[in-house]
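The values are calculated or read from the model by the stated rules, or taken from the named source; none is laboratory data. For clarity, every value in this text was computed on a predicted model and none was experimentally measured. Neighbour counts are summed over all protein chains in view; Cβ atoms, including those assigned to glycine, are modelled from backbone coordinates with ideal geometry.
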Amino acid sequence: MTYVPCSKRTFTLQLVNPFIRNYKQYVHFLKFLLQRLGYDTTRALWQNALKNYDDTFLQEILSAGWMQTDDAGPASIETKITSSLEEHFKSPVEGMSRDQARRLIEQTPPISRIRESFPKLNVVRPTTTYEALHIAFDALAILVESLLDVYGKEGELIAYDFLSNSRASIAQGKPVSFAEFVAEAKSFLRSPEPNIFTAGQDAEIVKTSDAEFIVHIKKCEWARYFQERHPHVGYLIACSTDEVFARACNEKIRMQRTSTLMEGGKLCDFRYYLTA
């Protein structure tokens with residue numbers, strides 16, 4: 001089989017998925033910042049960080065190659081948006097109402113541009129991991145960069161707390177055994193259907209046992225994307241919470257890693273192991 005570099009591989013991206021993910025992430029982050037920084041500071045930080053946003057690459061991604069599918073279900077999309085807003089803004093947060101939060105988020109890239117380009121969101125496209133990462137993380141990375149610029153180490157800790165909370169929630173509070181954790185990881189890495197992870201990485205499973213799982217990532221588009229576009233926050237956003245997720249799945253799972261591609265290493269040497 002001919003080797004295809006990570007940068008050239010594609011997977012089928014349904015645009016509605018990153019749209020909803022971005023929306024929910026922004027709602028959560030906005031509430032988090034409001035609780036930490038207050039109304040005026042949060043609104044100013046958010047708007048100033050993105051006021052000169054350059055959407056050239058985003059527009060390039062959205063402008064060609066998309067194919068219409070069955071209706072994505074506007075009612076269903078609205079239900080998910082409303083549910084997220086109700087969860088985090090059941091009542092005003094530091095003086096910001098649910099409607100104010102919605103208006104601010106819907107002005108935030110890529111939400112505004114996607115809505116303008118595809119109102120029904122019922123499109124799919126063969127997409128590289130690099131392109132998908134730009135949709136998913138570009139504006140968030142700019143917000144985090146602004147937070148660090150203004151607040152330094154305190155800003156980094158605020159961002160890490162938010163990212164940790166978000167990552168842990170993916171486990172949905174459902175503990176799994178180590179064997180189940182490893183089986184899920186192996187199934188994911190060997191999935192016949194490429195996704196934003198597998199299309200953009202070269203991974204080698206090095207060892208599997210009852211109490212240890214070692215996998216090496218030798219090429220990674222996540223590292224290339226953040227090194228090229230957001231080098232100061234790449235590790236924080238994409239790598240720093242990997243063990244948080246593992247522990248959320250099972251409090252006895254630990255992760256050891258001595259090198260990351262994101263930080264300039266030759267590989268990411270993940271070692272998951274089970275404590276007594």
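Details
- Residue check for residue 276: more than 25 Å from residue 127 (Cβ to Cβ) and at pLDDT below 95: yes
- When we screen 58, 62, 33 for residues that are of a type outside the set (S, T, N, Q), out of contact with any strand residue (DSSP E or B) (no Cβ under 8 Å at 6 or more places or on another chain) and farther than 17 Å from residue 135 by Cβ, the only hit is 33.
- Where a residue in segment 145-161 is more than 20 Å from residue 244 (Cβ to Cβ) and its partner, wherever it lies, is surrounded by fewer than 15 Cβ atoms within 10 Å (Cβ to Cβ), with Cβ under 8 Å and at least six apart: 145/232; 146/48
- Single condition residue 261 does not satisfy, out of (1) buried (at least 19 other Cβ atoms within 10 Å of the Cβ); (2) of a type in the set (A, V, I, L, M); (3) in a helix (DSSP H, G or I); (4) not assigned by TED's automatic domain parsing to the domain that holds residue 137: (3)
- Matching residues in segment 186-207 - criterion: being aliphatic (A, V, I, L, M), in a strand (DSSP E or B) and out of contact with any His (no Cβ under 9 Å at 6 or more places or on another chain): none
- Of all the listed residues (98, 125, 102), the sole one being surrounded by 12 or more Cβ atoms within 10 Å (Cβ to Cβ), in contact with a strand residue (DSSP E or B) (Cβ under 7 Å, 6 or more places away or on another chain), in the same structural domain as residue 18 (by TED's automatic domain parsing) and modelled with pLDDT of 95 or more is 125.
- Residue match in segment 168-180 (condition: more than 30 Å from residue 36 (Cβ to Cβ), under 20 Å from the mean Cα position of the chain (by Cα) and part of a helix (DSSP H, G or I)): no
- Across segment 152-172, a minimum of one residue is classified as crowded, with 18+ Cβ neighbours inside 10 Å, farther than 27 Å from residue 271 by Cβ and out of contact with any Gly (no Cβ under 6 Å at 6 or more places or on another chain).
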